[in-house]
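These notes are about the structure you will find just below.
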Amino acid sequence: APPAGERVPDWVLNFSPLPSLSSPHRNLSAFPAAQSEHLQQKMSENGALPLRGKVLTLDTMNANVKKVDYAVRGPIVQRAVQIEKELKEGVKKPFEEVIKANIGDAHAMGQRPITFFRQVMALCTYPQLLDDNKFPEDAKNRARRILQSCGGNSIGAYTTSQGIDCVRHDVANYIQRRDGGIPSDPDNIYLTTGASDGIVTILKLLTTGEGRTRTGVMISIPQYPLYSASIAELGAVQINYYLNEEKCWSLDISELQRSLQAAREHCNPCVLCIINPGNPTGQVQSRQCIEDVIRFAAKENLFLMADEVYQDNVYAEGCAFHSFKKVLFEMGPEYSSKVELASFHSTSKCYMGECGFRGGYMEVMNMDPEVKAQLTKLVSVRLCPPAPGQALMDLVVNSPQPGEPSYQTFMKERTAVLSALAEKAKLTEEILNTVPGISCNPVQGAMYSFPRITLPERSINEAKAPDMFYCMKLLEETGICLVPGSGFGQREGTYHFRMTILPPTDKLKIMLNKLKEFHQKFTQQYS
């Protein structure tokens, strides 16, 4: 009890009953935040606890994380989400919906899932459906095989860290078929949480050193922001090499050499990253270009990372996908036994568009066995990739074959998706190139265009980030959500935006015509 005549403080009376405080640090979380803070203040005054601020602040947090930037989901996309909420609340806008052309999310843009994939996934998730005669036998057979490889015959069980054994074998068989019989070892296959997870994992293995010995990672400009963000997070050094916009975003070996030599002044270049087909630029590399890159990597002793997630997305006449592994082996033992290569694929792109399942794989070639053991250890820390994503990856590499019940429907749906994308790639290029002040290279592959925009001097002088200003204004006035080129990298003095070609054809036409009108209006307004 307090001394006679002294009132009991309100902060004490508010607790009924008080939790046990046998330890000065115990049970503070049981109090509401304001009362807990008051209690800590009183205990600090009595010497029971030191008075201190938050452990984690902007000053004390990992400085590398603050350097991370991911434009695909940056400020413009955050504003687009706010506008969508405003539209639902009845706020009047000069448009009725937000068209999110900022990210390669096919299903969100209206693409229908492939029937066979979803049938097997339904069977794996709810095996009782295996007794339902509505499902074709080939779908049931795939589901049974996958489930038999899972602990307890359940897709809800952990898998081995490297991935379900039968799925890795199927991936290896797929790669062997794709590459014309060149062998693929299932032990070199790692199933991943989308291709992004594999890319970051390999970069972790490669990042080391301090000062001039820090690992340098060569990435194309424009690039996919996963690379710059991961390099920043890991504390590696980003080395830019520029694609040639005037030659349809081609890759010049002389530019690789220039970039490498300049980087050796301040870091240790160890890694060369290639995206083929390109994101955000949509170019497809020729076989000759791939051979040149492999020779360059061999000569300069660089680890090659080949991001090949758009390998089925090739539209332009005269273009074809060539895997880095296939070209590497066809160049002979001088290269195939020496060049270290990690290649990546995913369920998220191509004709599948199954982004949300987060399925993918990577294949490693010529990796030091002791390092490979460390890679296996590293992936085991996260236990395993999501089992449903692994199952879906199996269906991508082990799709219906001629003679199976689902084959005709599968091929019809697959062809329809890829044909529509080819049509939209051509449409995007044609319409954008009718706009004075916009120049768009052919969209040879992938799912994006990266047009160059000419901006009026006044808009450049008035805005800190002219392309960001342009894209934000476009969003506010038309509801079209694009990503400014600065989020991917661009040559100084040039401005671009990235847009997907994924919206349905009718909506894509509307979007492109709105964009055309906006650009003309913007140019007049700031001229």
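The values are calculated or read from the model by the stated rules, or taken from the named source; none is laboratory data. This is a predicted model, so every value here is computed, not measured. Note that we place each Cβ from the backbone using ideal geometry, even for glycine, and neighbour counts take in every protein chain shown. Remember, those area values only see protein heavy atoms, side chains included, never the ligands or the DNA or RNA. Shrake-Rupley method; radii C 1.70, N 1.55, O 1.52, S 1.80 Å.
Kindly indicate whether any position in region 427-438 is part of a loop (DSSP other than H, G, I, E, B), within 24 Å of residue 275 (Cβ to Cβ) and open to solvent by 40 Å² or more (accessible area, probe 1.4 Å). The answer is yes; a qualifying residue exists. Taking the listed residues 479, 485, 445, the one that is over 29 Å from residue 311 (Cα atoms), surrounded by 15 or more Cβ atoms within 10 Å (Cβ to Cβ) and at pLDDT 90 or above is 479, with no other qualifying. Scanning region 261-308 for residues that are farther than 25 Å from residue 332 by Cβ, open to solvent by less than 10 Å² (accessible area, probe 1.4 Å) and β-branched (Val, Ile, Thr) turns up just one, 281. Among the conditions (1) open to solvent by 30 Å² or more (accessible area, probe 1.4 Å); (2) at positive phi, residue 194 misses just one, which is (1).
Selection of helices (runs of 4 or more DSSP H) fully inside region 275-374 by the criterion of at least 2 residues being acidic (Asp, Glu) and closer than 20 Å to residue 256 by Cβ returns 287-300.
Among all residues of region 260-269, there is at least one that is touching a Leu at 6+ places or on another chain (Cβ under 8 Å), more than 30 Å from residue 501 (Cβ to Cβ), outside any helix (DSSP H, G or I) and outside the structural domain of residue 429 (by the TED database).
Whether a residue is part of a helix (DSSP H, G or I) and under 27 Å from residue 350 (Cα atoms) was assessed, and residue 79 does not pass this test.
From the list 502, 508, 515, which one is closer than 21 Å to residue 75 by Cβ, touching a residue at least 60 places away in the same chain (Cβ under 8 Å) and out of contact with any Pro (no Cβ under 8 Å at 6 or more places or on another chain)? Working first, answer last.
Working: 502 fails: closer than 21 Å to residue 75 by Cβ; 508 fails: closer than 21 Å to residue 75 by Cβ.
Among 502, 508, 515, only 515 is closer than 21 Å to residue 75 by Cβ, touching a residue at least 60 places away in the same chain (Cβ under 8 Å) and out of contact with any Pro (no Cβ under 8 Å at 6 or more places or on another chain).
For region 110-156, filtering for residues that are under 27 Å from residue 382 (Cβ atoms), outside any loop (DSSP other than H, G, I, E, B) and among the β-branched types (Val, Ile, Thr) leaves 3.
Taking the listed residues 458, 491, the one that is surrounded by fewer than 24 Cβ atoms within 10 Å (Cβ to Cβ), assigned to a loop (DSSP other than H, G, I, E, B), charged (D, E, K, R) and in contact (Cβ under 8 Å) with a residue 60 or more places away in the chain is 491, with no other qualifying. Out of 227, 174, 242, one residue alone is open to solvent by 10 Å² or more (accessible area, probe 1.4 Å) and closer than 26 Å to residue 485 by Cβ. It is 242. Candidates 247, 338, 326: the one that is modelled with pLDDT of 95 or more and not assigned by the TED database to the domain that holds residue 487 is 326.
How many residues are open to solvent by less than 50 Å² (accessible area, probe 1.4 Å) and either at pLDDT 90 or above or assigned to a loop (DSSP other than H, G, I, E, B) (or both) when one looks only at region 94-104?
At the first step, the residues of region 94-104 found to be open to solvent by less than 50 Å² (accessible area, probe 1.4 Å) are 95, 98-99, 101-104.
From what is left, the residues that are either at pLDDT 90 or above or assigned to a loop (DSSP other than H, G, I, E, B) (or both) are 95, 98, 101-104.
Within region 94-104, residues that are open to solvent by less than 50 Å² (accessible area, probe 1.4 Å) and either at pLDDT 90 or above or assigned to a loop (DSSP other than H, G, I, E, B) (or both) number 6.
Among the criteria (1) open to solvent by 10 Å² or more (accessible area, probe 1.4 Å); (2) part of a helix (DSSP H, G or I); (3) touching a strand residue (DSSP E or B) at 6+ places or on another chain (Cβ under 6 Å), the one residue 471 does not fulfil is (1). When residue 248 is evaluated against the numbered criteria (1) more than 19 Å from the chain's Cα centre (by Cα); (2) within 21 Å of residue 494 (Cα to Cα); (3) open to solvent by 40 Å² or more (accessible area, probe 1.4 Å); (4) touching a residue at least 24 places away in the same chain (Cβ under 8 Å), which criterion, by number, is the only one it fails? It fails just one condition, (3).
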